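Step one of this worksheet: look at the structure below.
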Amino acid sequence: MGGGSAYFLPKSAAADPATRKLLGLFHPSNMDGVLDRKFLKQGTVASFPEQPDLVDMVKTALTVLSRHDNGFALLVESGLIDKYSHPLDWERAVMDTIMLGRAVAAAKEFAAARNDTLILVTADHAHGLSLVGTVDDGITSQEMRDKIGVHEKAGYPNYPPATDDGYPSRLDVSRRLAIFFSVFPDHDETYRPKLDGPFVPAVVAPDRSYVANEKYKDAPGAALRVGNLPHSANQGVHSGEDVILTATGPGADRVRGFLDNTEVFRIIVDALGLAAAPAQ
């Protein structure tokens, strides 16, 4: 279930309530992320208002797949975390990370009622970004960089209490997280969430190189950040450090220390009972 319907023949039909096979396509391309879909009601929401939440898709998938007597393997990806991190749009990435956490909770709730379900949570790569403190609009300065508090001067952000499903209802608060990327093209840093739509940091110039998108240059206190990527890059790239793998359920005891990624495959194969019998 997900987006990408442009790659399939169009067809709409109600699902058989007892089905053991299900294909759900809710968008011709990428679905809208949580911030746009749930809170701002923008992006492509007007054209595709029935986009389901990742949590709902996970619950539906588990219901359908659990009808198979011989078990199942379910792959769930919160792909927009990556797609928002590339253009340095960390607020949208974080909101979808919260959604992923809720999807994992739904899987754990399913597994809690049984003793045969292994849940693995990991990433296929990382992005170079760090939380360094807060941005405090209460600090009087013409330069936004002077509003950044680090170490003991950071203070706590003043996002409103989380909604029932775990999200902050507002991101444009006066003291917010300061999160910055280490790899980027030329762009204007606004130090604020991009509430008018996903961030587009760089655009193509007549010479086919990428330059800072002038859309953001007039934001109060915006500062040009000269990129550290080639001029042919319009967004950030992946980083190469190790990523975290967590596990719960049968076989989870094998997830410890540092693992080669191929070992994760072997853990899954063994959990499904598909490993070859040992040689006699």
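Overview of results
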{"item": "Some residue of region 38-47 being within 25 Å of His187 (Cβ to Cβ) and under 13 Å from the mean Cα position of the chain (by Cα)", "result": "no"}
{"item": "Any chance Leu131 is of a type in the set (A, V, I, L, M) and out of contact with any strand residue (DSSP E or B) (no Cβ under 8 Å at 6 or more places or on another chain)", "result": "no"}
{"item": "Test: residue in region 92-99 that is under 16 Å from Val55 (Cβ atoms), in a helix (DSSP H, G or I) and either charged (D, E, K, R) or without any contact (Cβ under 8 Å) to a residue 40 or more places away in the chain (or both)", "result": "yes"}
{"item": "Odd one out for Thr63 among (1) surrounded by 12 or more Cβ atoms within 10 Å (Cβ to Cβ); (2) within 30 Å of Lys194 (Cβ to Cβ); (3) over 18 Å from the mean Cα position of the chain (by Cα); (4) in the same structural domain as Thr262 (by TED's automatic domain parsing)", "result": "(2)"}
{"item": "Criterion (farther than 28 Å from Lys108 by Cβ and modelled with pLDDT of 95 or more) met by exactly one of Ala277, Ala252, Ala247, Ala205", "result": "Ala205"}
{"item": "Residue ID - nearest to Leu195 (Cα to Cα), chosen from residues in region 17-56 that are outside any loop (DSSP other than H, G, I, E, B) and acidic (Asp, Glu)", "result": "Asp36"}
{"item": "Extreme residue, surrounded by the most Cβ atoms within 10 Å (Cβ to Cβ), among residues of region 183-217 that are of a type in the set (Lys, Arg) and under 22 Å from Gly43 (Cβ atoms)", "result": "Lys194"}
{"item": "Residues being assigned to a helix (DSSP H, G or I) and exposed (fewer than 15 other Cβ atoms within 10 Å of the Cβ) - total across region 108-158", "result": "8"}
{"item": "Residue check, Arg176 more than 18 Å from the chain's Cα centre (by Cα) and either among the aromatic types (Phe, Trp, Tyr) or more than 26 Å from Ala46 (Cα to Cα) (or both)", "result": "yes"}
{"item": "Residue within region 81-90 that is over 30 Å from Asn213 (Cα atoms) and buried (at least 21 other Cβ atoms within 10 Å of the Cβ) present", "result": "no"}
{"item": "Single residue of region 77-87 satisfying the filter (part of a loop (DSSP other than H, G, I, E, B) and within 12 Å of the chain's Cα centre (by Cα)) that is nearest to Gly227 (Cα to Cα)", "result": "His86"}
{"item": "Which listed residue, of Leu54, Leu40, is touching a helix residue (DSSP H, G or I) at 6+ places or on another chain (Cβ under 9 Å), of a type in the set (A, V, I, L, M, F, W, C) and surrounded by 15 or more Cβ atoms within 10 Å (Cβ to Cβ)", "result": "Leu54"}
{"item": "Residue that is nearest to Asp69 (Cα to Cα) [pool: residues in region 245-280 that are exposed (fewer than 13 other Cβ atoms within 10 Å of the Cβ) and either in contact with a helix residue (DSSP H, G or I) (Cβ under 6 Å, 6 or more places away or on another chain) or among the hydrophobic types (A, V, I, L, M, F, W, C) (or both)]", "result": "Leu274"}
{"item": "Val237 vs. criteria among the β-branched types (Val, Ile, Thr) and more than 26 Å from the chain's Cα centre (by Cα)", "result": "no"}
{"item": "Residues satisfying the stated conditions in region 167-177, i.e. in contact (Cβ under 8 Å) with a residue 60 or more places away in the chain and exposed (fewer than 13 other Cβ atoms within 10 Å of the Cβ)", "result": "Ser169"}
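The rows are residues; the columns are (1) within 12 Å of Ile179 (Cα to Cα); (2) in contact (Cβ under 8 Å) with a residue 60 or more places away in the chain.
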| site | (1), (2) |
| --- | --- |
| Trp90 | yes, yes |
| Thr117 | no, yes |
| Leu120 | no, yes |
| Gly128 | yes, yes |
| Leu131 | yes, no |
| Glu143 | no, yes |
| Asp146 | no, no |
| His151 | no, no |
| Gly155 | no, no |
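The values are calculated or read from the model by the stated rules, or taken from the named source; none is laboratory data. All values derive from a computational prediction rather than experimental measurement. Please note: Cβ atoms are built from the backbone with ideal geometry, for glycine as well, and neighbour counts cover all protein chains shown.
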